[in-house]
Each structure stands twice: as structure tokens, then as C-alpha cells.
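The structure under discussion appears below in the form of C-alpha cells.
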Amino acid sequence: MDSLPKSLAEMLGKHIVAAGMLMDEDPEQAYAHAAYARGKASRVPGIRETFGLAAYTLGKWQEALADLRAARRMSGRDSFLAIMADCERGLGRPERALKITDDPAADKLDAAERIELRIVASGARRDMGDAKGALAELQVPELKERRARPWIARLFYAYADVLNELGRQDEAREYFARASSVDREGVTDADERLAALEGVELVDVDTQDGIIWTDADEPDTDDVRTESEEQD
């Protein structure tokens with residue numbers, strides 16, 4: 001915002017910071033802050049990016065797509081290709097989503113951004129009824145990754161989900177389990193999906209003893225006691 005008067009830049013900066021902080025907990029307010037900033041300085045790439053992201057969190061696909069495209073033109077940054085492609089999916093245009101995911105600029109993205117593109121591409125294939133194509137989109141070298149990173153958890157989860165749709169339950173179990181093992185930030189519900197495939201019910205999670213399971217068909221919650229209950 002270097003091109004703006006100092007006082008205006010400071011004021012709009014506060015709105016952008018507020019939008020970023022509220023994006024998850026109060027997306028409506030985040031959108032309002034971003035919209036105010038956009039109305040005052042629509043030629044600033046960072047403001048257009050923030051507005052695009054805020055619109056995306058609310059499912060305002062067309063607004064998000066338009067502003068992220070504008071921000072890309074202004075800044076030359078390609079970081080939001082996956083979100084742009086997902087907006088096309090939201091608008092019911094999976095073919096256009098695939099064109100974005102195949103953008104040559106994707107080769108310059110970092111690993112997390114490239115994986116998000118592949119996940120969106122896989123979703124677009126599924127939108128078109130092509131589950132095998134969806135699986136192929138996710139068959140990347142990172143499937144062998146073992147480090148606990150949110151984007152790896154999302155990749156394993158997406159791969160497991162397509163395997164399950166294709167009726168390959170044994171492989172789906174393996175990848176849901178892998179997703180669970182590396183999902184330290186809780187970005188997926190891999191535990192619940194794995195439990196459903198195993199025919200058991202997740203009834204509690206203990207930070208010391210780990211996950212507690214019980215038979216889904218014969219739940220016996222009276223026998224399941226938390227550590228705090230046992231101490232009482």
C-alpha cells in the first residue's frame with residue numbers, strides 16, 4: 001500500500017489485518033472489513049487478494065474469482081491458483097477448473113500449493129463423473145511422504161476418499177490411516193472415516209492414551225471412562 005497516503009494506508013491496513021484474523025471464526029465480518037478496504041483502494045493487490053479470500057470463505061465464487069484474478073494480474077503472484085480453480089468448481093464449471101490446474105505457472109508453486117491444485121483437479125474430475133481420472137490426478141510422488149504436514153494429510157485423505165468411491169476399501173483404509181497419522185492439526189476427519197470402514201465408533205480421544213474405540217454395532221459407553229472420571 002506504498003502508493004496510498006500514510007494515514008489511509010494505516011487505516012486500511014487495520015481492516016486487512018482484522019479480515020485475516022476473522023476469516024475462520026467470523027467470515028461475515030472478515031468479508032465486511034475486506035469489502036470496506038476494497039472500496040477505498042481497489043488498485044492494491046493485497047486488498048484484492050484479501051477480499052477474494054474472504055469472498056471464497058463465504059462461497060461467493062464469482063466475486064472471489066474476479067478479485068483473485070485481478071490480484072494476480074497486478075502482483076504477478078500465482079499462489080491462489082487452487083482457490084481460483086475451486087471457485088470454477090463452485091460455479092459448476094469443472095472443465096474451466098481443470099484449465100487452471102494445468103496452468104504452466106503451477107510448476108513454480110511450492111509443494112503445498114501444488115498439492116492443493118492436484119486436490120482441486122481431482123475434485124473437478126469427480127464433478128465430471130470420472131473417478132479414475134480423479135485418482136490419477138493425485139498419484140504424485142508426495143504420496144510416499146511421511147512427515148506430518150497439513151497438505152500431506154489432505155493429499156492422503158483425498159486419495160483415500162477416491163479409492164473408497166472406486167470400491168477399493170483396503171487401500172482406502174491404508175490411506176485414511178496415513179492421513180490420520182500425519183494430521184496433527186485436525187484438517188481432516190480421517191479418524192472418523194477410518195472408523196466407519198473398520199466398523200467401529202470413535203467415542204473419545206485422550207491426549208495421553210490416544211484414540212479410544214468401541215464396536216459401532218454394540219456401543220457400550222458405560223465402560224468408556226475418561227482419565228478425569230477415573231481420578232474422581
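The values are calculated or read from the model by the stated rules, or taken from the named source; none is laboratory data. Everything numeric here is computed off the predicted structure, so don't read it as measured data. Note: ideal-geometry Cβ built from the backbone for every residue, glycine included; neighbour counts use all protein chains shown. Heavy atoms of the whole protein, side chains included, go into the accessibility calculation; ligands, DNA and RNA do not. Shrake-Rupley method; radii C 1.70, N 1.55, O 1.52, S 1.80 Å.
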Step by step: first the residues of the range 138-162, then only those that are part of a helix (DSSP H, G or I), in contact with a Ser or Thr (Cβ under 7 Å, 6 or more places away or on another chain) and of a type in the set (A, V, I, L, M, F, W, C), then the one that is most open to solvent (accessible area, probe 1.4 Å). Which residue is that?
ALA158
Return yes when SER7 is farther than 16 Å from GLY59 by Cα and open to solvent by less than 70 Å² (accessible area, probe 1.4 Å) and no when it is not.
no
Looking at the range 26-56 only, could you name the residues that are open to solvent by 70 Å² or more (accessible area, probe 1.4 Å) and not in a helix (DSSP H, G or I)?
ARG43
In this structure, does LEU135 turn out to be under 25 Å from ALA55 (Cβ atoms), part of a helix (DSSP H, G or I) and out of contact with any strand residue (DSSP E or B) (no Cβ under 7 Å at 6 or more places or on another chain)?
no
Within the range 119-137, restricting attention to residues that are of a type in the set (A, V, I, L, M) and open to solvent by 50 Å² or more (accessible area, probe 1.4 Å), which residue is farthest from ASP78 (Cα to Cα)?
MET128
Taking the range 183-196 and keeping residues crowded, with 21+ Cβ neighbours inside 10 Å and of a type in the set (Val, Ile, Thr) leaves THR188
So GLY59 fits all but one of (1) open to solvent by less than 40 Å² (accessible area, probe 1.4 Å); (2) more than 21 Å from VAL187 (Cα to Cα); (3) not in a helix (DSSP H, G or I); what number is the exception?
(2)
Here are some conditions: (1) open to solvent by less than 30 Å² (accessible area, probe 1.4 Å); (2) of a type outside the set (S, T, N, Q); (3) in contact with a Lys or Arg (Cβ under 8 Å, 6 or more places away or on another chain). GLU116 meets all but one. Which one does it not meet?
(1)
Scope the range 166-184; condition of a type in the set (Gly, Ala, Ser) and over 21 Å from the mean Cα position of the chain (by Cα); matching residues
GLY167
If you check every pair at least six apart or on different chains, which have Cβ atoms under 9 Å apart with a residue in the range 166-188 that is closer than 19 Å to LEU135 by Cα and assigned to a loop (DSSP other than H, G, I, E, B) first and a residue that is open to solvent by less than 30 Å² (accessible area, probe 1.4 Å) and not aliphatic (A, V, I, L, M) second?
THR188/PHE156; THR188/PHE176
Any residue in the range 69-82 that is surrounded by fewer than 19 Cβ atoms within 10 Å (Cβ to Cβ), within 17 Å of ALA158 (Cβ to Cβ) and in contact with a Leu (Cβ under 8 Å, 6 or more places away or on another chain)?
no
Output the residue which, of all residues in the range 12-32 that are aliphatic (A, V, I, L, M) and out of contact with any helix residue (DSSP H, G or I) (no Cβ under 7 Å at 6 or more places or on another chain), is nearest to ILE47 (Cα to Cα).
VAL17
Quick check on my filter: what residues within the range 62-76 are farther than 20 Å from LYS14 by Cα and either in a loop (DSSP other than H, G, I, E, B) or of a type in the set (Gly, Ala, Ser) (or both)?
ALA64, ALA66, ALA70, SER75, GLY76
